[in-house]
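Below you'll find the structure, written out as structure tokens, and then a few comments.
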Amino acid sequence: MNQPVGQEATLPFAIRGQYIRDLSFENPNPLKHLVENMDKEPDITVDIQVTSDVVGDKLFEVVLHIHVDAKRDDDQMFLTELTYAGLVTIGELPDEFVKPLLLIHCPNLLFPFARNILSDAVRDGGFPPLMLAPVDFAYLYQQQHGEAQAPQQATA
């Protein structure tokens, strides 16, 4: 479908750019964990949060906050944090669809890039690459917003 020059398609949304806002990797005891107990599996915890902020008219920043903590026998192996963002333009959508689009669909598109960055950082820190499993952002959204709506419904 051809469009006149200067007119954008009226898409529900478009990701205008992706970028690392913050990345840290801490390897406090590399010799201990790279030489001793290499056959023992680490205990790895992952925390993922998604936020969005209005940047301009129909322009939003969607941010993935990923925190990974790896320990072996209660000793810190590595700690890494990534704040990865995308700049998103929203088209003409009813208001009830904007938040789910920003907090479910956009993170699904951003996550593979963030996962790759973390995998490389962990590998470059001397450990096997960290292979994070896919995340169900719809479930996370329902947990966060379902709990927030439950008290409102109870008082109604």
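The values are calculated or read from the model by the stated rules, or taken from the named source; none is laboratory data. Note that the structure is a prediction, hence the values are computed from the model and not measured. We place every Cβ from the backbone using ideal geometry, glycine too, and count neighbours over all the protein chains shown.
Residue pairs whose Cβ atoms lie under 7 Å apart, separated by 6 or more positions or on different chains, with the first residue in region 62-82 and closer than 15 Å to Arg115 by Cα and the second basic (Lys, Arg) and at pLDDT 95 or above, are Val63/Arg21.
Any chance region 126-133 includes a residue that's closer than 20 Å to Gln18 by Cβ and in contact (Cβ under 8 Å) with a residue 40 or more places away in the chain? Looking through region 126-133, at least one residue is closer than 20 Å to Gln18 by Cβ and in contact (Cβ under 8 Å) with a residue 40 or more places away in the chain.
Those residues that are over 26 Å from Asp95 (Cα atoms) and under 14 Å from the mean Cα position of the chain (by Cα), I need them from region 34-84; list them, please. Walk me through it before giving the result.
Residues of region 34-84 that are over 26 Å from Asp95 (Cα atoms), as a first pass: 34-47, 66-83.
Of everything in region 34-84, those that are over 26 Å from Asp95 (Cα atoms) and under 14 Å from the mean Cα position of the chain (by Cα) turn out to be Val46, Asp47, Ile66, His67, Val68, Thr80, Glu81, Leu82, Thr83.
Evaluation of Ala133 against the conditions (1) out of contact with any Lys or Arg (no Cβ under 8 Å at 6 or more places or on another chain); (2) surrounded by 12 or more Cβ atoms within 10 Å (Cβ to Cβ); (3) part of a loop (DSSP other than H, G, I, E, B); (4) among the hydrophobic types (A, V, I, L, M, F, W, C) shows that the sole unmet condition is (2).
State all residues of region 45-88 that are within 24 Å of Val35 (Cα to Cα), of a type in the set (D, E, K, R) and touching a Leu at 6+ places or on another chain (Cβ under 7 Å); if no residue qualifies, say none. Full working, then the answer.
The initial filter retains those residues of region 45-88 that are within 24 Å of Val35 (Cα to Cα), namely 45, 68-80.
Filter again for of a type in the set (D, E, K, R), leaving 69, 71-75.
Once the filter is applied, which keeps residues that are within 24 Å of Val35 (Cα to Cα), of a type in the set (D, E, K, R) and touching a Leu at 6+ places or on another chain (Cβ under 7 Å), region 45-88 yields only Asp69.
Tell me the strands (runs of 3 or more DSSP E) entirely within region 9-90 that contain at least 3 residues that are among the hydroxyl-bearing types (Ser, Thr, Tyr) and modelled with pLDDT of 90 or more.
Numbers: elements: 13-26, 43-56, 59-72, 75-90.
Where strands (runs of 3 or more DSSP E) fall fully within region 9-90 and carry at least 3 residues being among the hydroxyl-bearing types (Ser, Thr, Tyr) and modelled with pLDDT of 90 or more, they are 43-56, 75-90.
For region 85-107, does any single residue satisfy the condition of being aromatic (Phe, Trp, Tyr), out of contact with any Asp or Glu (no Cβ under 6 Å at 6 or more places or on another chain) and closer than 19 Å to Val46 by Cα? It would help to see each step written out before you state the result.
Residues of region 85-107 aromatic (Phe, Trp, Tyr): 97.
Of the ones still in play, those that are also out of contact with any Asp or Glu (no Cβ under 6 Å at 6 or more places or on another chain) are 97.
From what's left, closer than 19 Å to Val46 by Cα: none.
No: region 85-107 contains no residue that is aromatic (Phe, Trp, Tyr), out of contact with any Asp or Glu (no Cβ under 6 Å at 6 or more places or on another chain) and closer than 19 Å to Val46 by Cα.
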